[in-house]
Amino acid sequence: MSESTGLQLMTDLLSYQPHNEQEAADKELILGLLSKERRQAFDRIPPAHMACSIWTVDPTFTRTLLVHHNIYNSWSWIGGHADGQLDLAEVALRELQEETGVTGTLVECGPGNIFSLDVLTVDGHEKRGEYVSSHLHLNVTYLAVADPEQPLRVKPDENSGVQWVDLDQVIPLSTEPWICERVYKKLIEKTRALAPQQ
């Protein structure tokens, strides 16, 4: 990916209007770290590094696609690391396809189609037989629409289930209280605000 893609992401982040106090604080932290370590922040090596998520909804904006995440042992949104890629929207769409078998289309929802900004804590854990120390994900979330009739499939090294759920079921299915309170509630509220009029 070209350096211009990284510059475009910085421009999009600067233009993004935070939804609440949490996003305002997280935007400041993300921009501060990117201004110091722009290229390195897209690799997994720094203790705070770029990641992305994709909040995927059906065309009615009433259901979302969740995976049962192996590490968190919880129903969860879809996402992954930048791993050196500067085009996080492209990474998010790839993660959607890899983790669920579903292809989606990004929804226009502001600068760079950024739907949410969150700094997420990741506790130390085992992955593929190796210990991964606790770290921060500087997370950019994108919104996508996908056809719920597409076949679903799990990615066994990442998740053990994939399902479409009503928005009201997201929080009851999750076992991550902070994510429910600070992230999922916000994403559900934003999704409903963008829902097509019936």
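The values are calculated or read from the model by the stated rules, or taken from the named source; none is laboratory data. Please read all numbers here as calculations on a predicted model, not as lab measurements. Methodologically, a virtual Cβ is constructed for each residue, glycine included, from the backbone with ideal geometry; neighbour enumeration extends over all protein chains shown. With ligands, DNA and RNA removed, areas are computed over all heavy atoms of the protein, side chains included. Shrake-Rupley method; radii C 1.70, N 1.55, O 1.52, S 1.80 Å.
In whole percent, and with a 1.4 Å probe on the protein chains, what portion of the accessible area of the chain is carbon and sulfur? Carbon and sulfur atoms account for 51 percent of the accessible area of the chain. Placing Arg182, Arg63 in order of accessible area, with the largest value first and a 1.4 Å probe, yields Arg182, Arg63.
The H on the amide N of Asn70, modeled in the peptide plane, is under 5 Å from the matching H of Asn159, Ser160, each at least 5 residues off or on a different chain. Between the listed residues Ile78, Leu88, Thr60, the Cα displaced farthest toward the positive end of the dipole of region 55-108, a dipole computed from Cβ unit charges relative to the Cα centre, is found at Thr60.
How large is the convex hull of the Cα atoms of the chain per residue, expressed in Å³ as a whole number?
On the way: hull volume 21.9 nm³, N = 198.
Hull volume normalised by residue count: 111 Å³.
Stretching Thr62 away from Gln8 to a fully extended chain increases their span by 16.3 nm, per 0.36 nm per residue minus the current alpha-carbon distance. Taking all Cα pairs closer than 8 Å and separated by 6 or more residues, the relative contact order of the chain comes to 27 percent. The string of couplings for region 63-72 from the Karplus curve (6.51, -1.76, 1.60, θ = phi - 60°) is 10, 10, 9, 10, 10, 8, 6, 5, 5, 7 Hz, one whole number per residue in order, with x for Gly and Pro.
Find the accessible area per residue for the chain; the probe is 1.4 Å, ligands and nucleic acids are left out, and the unit is Å². Before the final figure, lay out the partial values.
Values: 9570 Å² over 198 residues.
Per-residue accessible area for the chain comes out at 48 Å².
Only lysine pairs 8 or more places apart, or on different chains, with alpha-carbon atoms under 25 angstrom apart are counted in the chain, and they number 5.
When both bridge partners sit in the chain, DSSP labels roughly 75% of those beta bridges antiparallel.
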